[in-house]
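Everything below concerns the one structure shown next.
The values are calculated or read from the model by the stated rules, or taken from the named source; none is laboratory data. Computed from a prediction, not measured in an experiment: that's the story for all the values here. Cβ: placed from backbone, ideal geometry, glycine included. Neighbour counts: every protein chain shown. When the accessible area is computed, the model is the full protein with side chains, heavy atoms only, and any ligands, DNA or RNA have been set aside. Shrake-Rupley method; radii C 1.70, N 1.55, O 1.52, S 1.80 Å.
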Amino acid sequence: VFPTTNQSSVTEFILLGFSFSPKTTPLFFSAFLTTYLLIILGNGLIIILISLDSHLHTPMYFFIVTLSMLDLAYTTTTMPQMLAHLASQKKTISFASCVAQMYIFLVLGITESWLFAIMSIDRYVAICHPLRYKVIMSPWLCRVMVLFCGLWGVVSALVYTVFAMRLPYCGPNKIDHFFCEVPAILKLACADTSVNDQVDFILGFSVILVPLSLILVIYINILIAILRIRSAQGRLKAFSTCASHITVVTMFCVPAMFMYMRPGSEASPEEDKKLALFYNVISAFLNPIIYSLRNKDVKRAFRNVMGWGRAPE
């Protein structure tokens, strides 16, 4: 499917990464390394706590575990390599590795985008049909929904990658980015990329705009349902669970939409790197804090696992 290296004069790419001065590079390396370790710690802790505590074996927490797994894989696709390039003079990546990184990153990102839509459906059923929640959101349905997200990610990412890699790359080979992302790669193609811009825009509808539109429609219905709740405490509780999800979706989807749905000619390399850093690193870092670590159930699970004030059964 992809062109082999003998079909192109480019056998490897150079990732320029961030243009830090030699004096500040160690500082940024330490900051990125600390952030990556905290992403592993935060998301890993969520996965362990929810797996160990039977009280958290509910559809909502099943989706949160899936989100944490995606975030871990998503950042691991890019950050270790970025850290290695910051720490050494060698900043090359082979053609095949670049294609693999691009594809895996897209699979995980698109899967996560659709997972947010699935999570909004879960919140809608929990708030609007609480008595039938466990019946409707059965374990089987939850697994099918996650499988759908994954398959959509696999297929959509394949289309993105095939259309990007079918172009000839005959030099230059310097990617002004910290990883192999489609918009940055397309700038190096020795051919017209207008078809790719159109494909990316159309695909952007199915992987970003459609999930976002679905989330918007669902939350309008949720808001109407919340306003009908008579107790102020009930309204506040319902809104707080939704507020976390809305925050996470905004942090991830809005920067991704700017990156993938605008023409390549309008893109600024420095702006692209900041956007990618936001939806690849910062959202994965903040998700456990926003979505789970401030949650009372998760805090109770943490105390129970640590043996601190275990609640009597």
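Data for the structure
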item: Residue among 94, 113 that alone is closer than 21 Å to residue 11 by Cβ and either out of contact with any strand residue (DSSP E or B) (no Cβ under 6 Å at 6 or more places or on another chain) or of a type in the set (S, T, N, Q) (or both); result: 94
item: Flag for residue 311 being at pLDDT 75 or above, open to solvent by less than 80 Å² (accessible area, probe 1.4 Å) and either of a type outside the set (Ser, Thr, Tyr) or not in a helix (DSSP H, G or I) (or both); result: no
item: Flag for residue 173 being in contact (Cβ under 8 Å) with a residue 24 or more places away in the chain and farther than 19 Å from residue 273 by Cα; result: no
item: Subset tally (residues that are open to solvent by less than 70 Å² (accessible area, probe 1.4 Å) and at pLDDT 75 or above) for region 269-296; result: 17
item: Index of the failed condition, residue 259 passing every other in (1) at pLDDT below 80; (2) within 22 Å of the chain's Cα centre (by Cα); (3) open to solvent by 50 Å² or more (accessible area, probe 1.4 Å); result: (3)
item: Options 110, 64, 104; residue that is of a type outside the set (D, E, K, R), more than 24 Å from residue 217 (Cβ to Cβ) and in a helix (DSSP H, G or I); result: 104
item: Region 77-95 residues that are closer than 16 Å to residue 19 by Cα and free of Cβ contacts under 8 Å to residues at least 60 places away in the same chain, paired with ones that are assigned to a helix (DSSP H, G or I) and open to solvent by 50 Å² or more (accessible area, probe 1.4 Å) (beta carbon under 7 Å, 6 or more apart); result: 83/29; 83/33; 87/29
item: Looking only at region 35-59, and only at residues there that are assigned to a helix (DSSP H, G or I) and over 16 Å from residue 289 (Cα atoms), the one that is modelled with the highest pLDDT; result: 59
item: Qualifying residue in region 77-95 (condition: of a type in the set (Phe, Trp, Tyr) and over 20 Å from residue 109 (Cα atoms)); result: yes
item: Members of region 32-60 found to be closer than 28 Å to residue 135 by Cα, open to solvent by less than 40 Å² (accessible area, probe 1.4 Å) and either in contact (Cβ under 8 Å) with a residue 40 or more places away in the chain or in contact with a Phe, Trp or Tyr (Cβ under 9 Å, 6 or more places away or on another chain) (or both), listed by number; result: 46, 49, 50, 53, 56, 59, 60
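Yes/no per residue for (1) closer than 19 Å to residue 298 by Cα; (2) small (Gly, Ala, Ser); (3) under 13 Å from the mean Cα position of the chain (by Cα):
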| position | (1), (2), (3) |
| --- | --- |
| 62 | yes, no, no |
| 78 | no, no, yes |
| 88 | no, yes, no |
| 91 | no, no, no |
| 100 | no, yes, no |
| 111 | no, no, yes |
| 123 | yes, no, no |
| 128 | no, no, no |
